[in-house]
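To keep things clear, I will list the structure first and then write my remarks on it.
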Amino acid sequence: MKKASIIMIIGSLLLLGLFKFPLWNIMLGAPQYPEPLGMNIYIDGIEGVEEFDLQNIDGLNHYIGMKTIPKPDEMWEFSVFPKVVLTMVILGVIIGIFGYLEKINYKLFLGWFLLMSVLGILGMYDFNNWLIDYGSNLDPNAIIKITNPDGTPMSYKPPLLGFQKLLNFDVTSLPHIGGYLMFIGMFLTLIAFWMGRKASLRQTKA
Amino acid sequence: MKNILKSTLFLGLLVAFTSCNNSGKSGGNGALSNNIAEKVYVAPGEHDSHYAFISGGYSGNLTVYGLPSGRMFKEIPVFSQFPTNGYGYSEETKPMLETSYGFIPWDDSHHPDISQTNGELDGRWVFINGNNTPRIARVSLRSFETEEIIEVPNSAGNHSSSFITENTEYVVAGTRFSVPVPQRDMPIKDYKGNFKGALTFISVDPEHGHMDIKFQVLMPGFNYDLSHPGRGKSHGWFFFTTYNTEEANTLLEVNASQNDKDFIAAINWKKIEEYVNNGGGTMMPANYAHNLLDEATHIVTSTMKKEVRVVNPSEVPGAVYLLPTPKSPHGCDVDPSGEYIVGNGKLSANLTVHSFTKMLDAIENEKFAGDAYGIPILNFEDVLAGSVEQPGLGPLHTEFDGKGNAYTTFFISSEVVKWKLGTWEVIDRKPTYYSVGHLTIPGGNSRKPFGKYMFAMNKITKDRYLPVGPEMEHSAQLYDISGDKMELLLDFPTHGEPHYAAAIPAEIIKENSLKFYKLADNKHPHKATNEGETKVVRDGKNVHVYMTLIRSHFAPDNIEGVKVGDKVYFHITNLEQDFDVPHGFAIIGANNAELLIAPGQTRTLTWEPKQVGVWPFYCTDFCSALHQEMQGYVRVSPKDSNIELSWSLGDDI
């Protein structure tokens, strides 16, 4: 149980990576952008991969009537997400410590994992909603208007995960370092649960 | 039998002619000749391995080429106005062409040379001389823009320039024409003994590259033709070829070709520098312009300087010597080790090579043949390292491959001859088409030549390309010199008179190349860094428009209240922060040029409206899908109109 608890603590602490590294990354390449433009999505705001990428993305997006990329104070998520993540880290560490002191049951490790998963899925759902709004809620005076074959206005929603072609742009959307650290952390808490369970079974047998 | 012999002979002759023709057209024979195209082929999207900076000669510019493709990438305006981007027309850049004679919008640019550290190319700047109105320019290899021009007083025909010492301590500006110093009204026939040749040493600030005339050596009234710095063991010395040591003043083609030997002047600049640092030399009244670009404000400031320090060589014993060199030497080239000084006597049958070691030895032992105006003349035999016997006709310039070989151009026999240093034997010769002047090996003027390519710059083009009337661009020819034999690879046209060139491996500079100017660093006094800062201000008859550009509109795009007789200053800032997105600005009836404004830069164009009406302006550089919509109007009212200044953007939507 001691080992499992240590892994639980490490796993939770890995979420702190989200305060330093981007959660997600979206790259936009095009023939006239051989060095793609890119944005890194952090839990507290969006930044360009290169210094002027956001300005240049906004400059291009005005042709299709997209809103500018939101500043941190323009979205409630950017103030709430850090609090949620920090809470989960603290909660995870506390659970781990109590586990180490054998004060709690290993099943709480799984509880933490399930809670985090639910929150994560909610976050993804919210993020995807924002992408839909960003990509389809367009200025009616937009310079370039393209419709789908069925007559509906084309959406410029970037993919949540993976690759998509949007007009002349190749858009790739993937988790970034912070996101990977979070996934590893969550996976570790799952391992902690499994090890805790094993240790508990052994104890029961003995 | 006789017939067979005849036909064999005939066939032999035919083969000889054919193969000669082949070697001329494709540069080689046999199976290997058919991969020449591959050697210069740079596939779409691929980069060349070398930059070549080829002087534009009488275009006053510097052109940037890629090797081995021979593609031209850019024309950098230096001494000439350039309507393509408004250099020399915009208010910010006009001061760059100021001189003591006023605004001079043209010059004859000759010899580019790349800055060095420890005798190796460092790729920070290119220096180039203006030949006609003596000037030296410094071009940044970060922005590829002319950043500084300094005028050279007491000089005329600034030809033996602009070569630099091996740590870029000095760039020299040697006068081709000797003139009265100081200039005065005097009979031309009294030239001899009265005219002087100024050899100017311009110091270069090691960090910023800023130039300043440290001293001028006032030499006898010869013609100082070309020069090269010593390097390695001869670092600290500078060598200048001379002609007209006869000091003739008329019909020079005859009168300056009388002496069997002219001189190479060897200047120990370290010795003179020490003398000057200890207060030596005299300050002399002078009047010359120093024009400097401030990268933060994007503005050139021109300052007139009022004095210059001159040194009479007889004041500094042991600093200047004359090396007799046959028959009006033109090129003056020092090999990478610094030991050999090649003096190409253009009327001589042989190529003369002097030895630096022997020169020092002769000086040590005071073996002098006499003196000229107090300057010791050494004995020809005492300094001669050797000569290349009858290599061709009309030797001009020599470069080195760093492998012990030298390559000399022959103007009259139109060829490049490869020969070996030390043994003086001819190894190879290849024809050029036609009448070759300079040749360049990347790093040729350094301790470390990159001896893979050599290109020759020819003066006469004739039938090399499709005919385009009597006047043609000149031609350059690229040779592969990596093997024992030279191989002609490519023939490409160059702009103006490609006088000389400097070349460098691309990786030394391409990573440092600027992609755009940071708007946040723009300190231009008339900048507008966002559309909120745009405005129009009247100051008497002057109207200042603070305008911005971004894909795809001007801000403001409608301006009213301008009157006939006003002078309108369009101060335009390009708000883009993206690589290669300049915007243009042109307005009907402007008596100058357009502007091309780099991202993050501010430029000013003046416009004096002369007719009442509503006049359009537009973007000239195709910037986006809506480039054609990037336009605006200025309403011009009569002189006595009382319409107030107003401006707008997007109000009617």
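The values are calculated or read from the model by the stated rules, or taken from the named source; none is laboratory data. Values in this document were obtained by computation on a predicted structure and should not be read as measured data. For neighbour counting, all protein chains shown are included, and Cβ atoms are generated from backbone atoms with ideal geometry for every residue, glycine included.
Counting only residues that are in contact (Cβ under 8 Å) with a residue 24 or more places away in the chain and of a type in the set (S, T, N, Q), give me the strands (runs of 3 or more DSSP E) lying completely in the stretch B:256-361 with at least 2 of them.
Fully inside the stretch B:256-361 and qualifying: B:282-294, B:299-311, B:351-355.
So, residue A:121, is that one under 19 Å from residue A:176 (Cα atoms) and either within 14 Å of another protein chain (Cβ to nearest Cβ) or of a type in the set (Val, Ile, Thr) (or both) or not?
yes
Determine whether residue B:299 is among the β-branched types (Val, Ile, Thr) and within 20 Å of residue B:113 (Cα to Cα).
For residue B:299, the condition - among the β-branched types (Val, Ile, Thr) and within 20 Å of residue B:113 (Cα to Cα) - is not met.
Working only within the stretch A:34-60, note down all residues that are buried (at least 20 other Cβ atoms within 10 Å of the Cβ) and over 23 Å from the mean Cα position of the chain (by Cα).
Selection gives A:56, A:59, A:60.
Within the stretch A:151-171, does at least one residue satisfy the condition of being under 30 Å from residue A:8 (Cβ atoms), aromatic (Phe, Trp, Tyr) and either touching a residue at least 60 places away in the same chain (Cβ under 8 Å) or part of a strand (DSSP E or B) (or both)?
No; the residues of the stretch A:151-171 include none that is under 30 Å from residue A:8 (Cβ atoms), aromatic (Phe, Trp, Tyr) and either touching a residue at least 60 places away in the same chain (Cβ under 8 Å) or part of a strand (DSSP E or B) (or both).
Considering each of A:108, A:190 in turn, give the residue that is without any contact (Cβ under 8 Å) to a residue 24 or more places away in the chain, touching a helix residue (DSSP H, G or I) at 6+ places or on another chain (Cβ under 6 Å) and more than 18 Å from residue A:60 (Cα to Cα).
So the residue among A:108, A:190 that is without any contact (Cβ under 8 Å) to a residue 24 or more places away in the chain, touching a helix residue (DSSP H, G or I) at 6+ places or on another chain (Cβ under 6 Å) and more than 18 Å from residue A:60 (Cα to Cα) is A:108.
Here's the yes/no breakdown for (1) buried (at least 21 other Cβ atoms within 10 Å of the Cβ); (2) not basic (Lys, Arg):
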| site | (1), (2) |
| --- | --- |
| B:161 | yes, yes |
| B:170 | yes, yes |
| B:174 | yes, yes |
| B:177 | no, yes |
| B:189 | no, no |
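If the requirement is being surrounded by 21 or more Cβ atoms within 10 Å (Cβ to Cβ) and modelled with pLDDT of 95 or more, which of these qualifies: B:506, B:476?
B:476
Could you list, in sequence order, all residues of the stretch A:50-100 that are more than 14 Å from every other protein chain (Cβ to nearest Cβ), of a type outside the set (Phe, Trp, Tyr) and in a loop (DSSP other than H, G, I, E, B)?
Scanning the stretch A:50-100 gives A:66, A:67, A:69, A:70, A:71, A:75.
Would you say residue B:575 is within 14 Å of chain A (Cβ to nearest Cβ), surrounded by 14 or more Cβ atoms within 10 Å (Cβ to Cβ) and either among the aliphatic types (A, V, I, L, M) or without any contact (Cβ under 8 Å) to a residue 60 or more places away in the chain (or both)?
Criteria met by residue B:575.
Consider only pairs whose beta carbons are under 7 Å apart and that are at least six residues apart or on different chains; among these, list those whose first residue lies in the stretch A:20-39 and is within 14 Å of chain B (Cβ to nearest Cβ) and without any contact (Cβ under 8 Å) to a residue 60 or more places away in the chain and whose second residue is surrounded by fewer than 20 Cβ atoms within 10 Å (Cβ to Cβ) and polar (S, T, N, Q).
A:38/A:25
Yes or no, residue by residue, for (1) at pLDDT below 95; (2) more than 14 Å from chain B (Cβ to nearest Cβ); (3) farther than 19 Å from residue A:49 by Cβ:
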{"residue": "A:139", "(1), (2), (3)": "yes, no, yes"}
{"residue": "A:146", "(1), (2), (3)": "yes, no, yes"}
{"residue": "A:149", "(1), (2), (3)": "yes, yes, yes"}
{"residue": "A:154", "(1), (2), (3)": "yes, yes, yes"}
{"residue": "A:167", "(1), (2), (3)": "yes, no, yes"}
{"residue": "A:172", "(1), (2), (3)": "no, yes, no"}
{"residue": "A:184", "(1), (2), (3)": "no, yes, yes"}
{"residue": "A:190", "(1), (2), (3)": "yes, yes, yes"}
{"residue": "A:194", "(1), (2), (3)": "yes, yes, yes"}
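Let me confirm something: among A:45, A:11, which residue is away from every other protein chain (no Cβ under 14 Å), free of Cβ contacts under 8 Å to residues at least 60 places away in the same chain and not β-branched (Val, Ile, Thr)?
A:45
Every residue, every condition in (1) without any contact (Cβ under 8 Å) to a residue 24 or more places away in the chain; (2) within 13 Å of chain A (Cβ to nearest Cβ), yes or no:
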position	(1), (2)
B:591	yes, no
B:622	yes, yes
B:634	no, no
B:638	no, no
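Is it the case, given these coordinates, that residue B:467 is farther than 21 Å from residue B:338 by Cα, assigned to a loop (DSSP other than H, G, I, E, B) and without any contact (Cβ under 8 Å) to a residue 12 or more places away in the chain?
So residue B:467 fits the description; yes.
Output yes when any residue across the stretch B:533-553 is under 30 Å from residue A:51 (Cα atoms), within 14 Å of chain A (Cβ to nearest Cβ) and in a loop (DSSP other than H, G, I, E, B), and no when none is.
Checking the stretch B:533-553: at least one residue is under 30 Å from residue A:51 (Cα atoms), within 14 Å of chain A (Cβ to nearest Cβ) and in a loop (DSSP other than H, G, I, E, B).
Looking only at the stretch B:584-606, which residues are part of a loop (DSSP other than H, G, I, E, B) and among the hydrophobic types (A, V, I, L, M, F, W, C)?
Passing the criteria: B:588, B:590, B:593, B:598.
Looking at the structure I just gave you, is residue A:167 under 18 Å from residue A:29 (Cα atoms) and within 10 Å of the chain's Cα centre (by Cα)?
The answer is no for residue A:167.
Determine whether the stretch B:517-537 contains at least one residue that is within 30 Å of residue B:72 (Cα to Cα) and surrounded by fewer than 16 Cβ atoms within 10 Å (Cβ to Cβ).
Yes, that holds for at least one residue.
Give the stretch B:41-63 a look and list any residue that's free of Cβ contacts under 8 Å to residues at least 40 places away in the same chain and of a type in the set (Ser, Thr, Tyr), or say none.
Of everything in the stretch B:41-63, just one residue is free of Cβ contacts under 8 Å to residues at least 40 places away in the same chain and of a type in the set (Ser, Thr, Tyr), namely B:41.
Within the stretch B:363-385, which residues are within 19 Å of residue B:330 (Cβ to Cβ) and surrounded by fewer than 21 Cβ atoms within 10 Å (Cβ to Cβ)?
Correct list: B:380, B:384, B:385.
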